[in-house]
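The values are calculated or read from the model by the stated rules, or taken from the named source; none is laboratory data. Here the structure is a predicted model, which means the values were calculated and not measured. Cβ coordinates were reconstructed from backbone atoms using ideal geometry, including for glycine residues, and neighbour counts include every protein chain displayed. The protein model used for the area step is the full one, side chains on, heavy atoms only, and it has no ligands, DNA or RNA in it. Shrake-Rupley method; radii C 1.70, N 1.55, O 1.52, S 1.80 Å.
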Amino acid sequence: MWQTVIIALIVAFSLWQVARKYLPDTMRDLQGRIAKTLDRRGLHRLSHVLQPANAPASGCGDGCGNCTGCSLSALEALKTEAPRKR
């Protein structure tokens, strides 16, 4: 009996983490709706903990690495360094 409960909790947590990684906008919306529902029912502390953080601005220069502009400049810097002597 306990093994089933523990395995179910592990699977649910794993599904939550996978959904947060691959569906971040959907999960942020869901988490916000859960927090609002808890706030309406009087669970203010829990709703404050579950309230999702604001999404970072996406675009060039935000450090996301999508455009590979940052990684290319780092690679060029490595190419221009003098080779190390052993």
* Residue among Ala12, Ala35, Ala19 that alone is touching a Ser or Thr at 6+ places or on another chain (Cβ under 7 Å) and at pLDDT 85 or above -> Ala35
* May I ask you to list pairs of residues, at least six apart or on different chains, whose Cβ atoms are under 6 Å apart, with the first in the stretch 1-18 being on the phi > 0 side of the Ramachandran plot and open to solvent by less than 100 Å² (accessible area, probe 1.4 Å) and the second being of a type in the set (A, V, I, L, M) and assigned to a helix (DSSP H, G or I)? => none
* Collect the residues in the stretch 31-50 that are within 18 Å of the chain's Cα centre (by Cα) and open to solvent by less than 100 Å² (accessible area, probe 1.4 Å), keeping them in residue-number order. => Gln31, Gly32, Ile34, Ala35, Leu50
* Please work out which one of (1) open to solvent by less than 90 Å² (accessible area, probe 1.4 Å); (2) at pLDDT below 65; (3) not acidic (Asp, Glu) is the condition Pro83 fails and give its number. => (1)
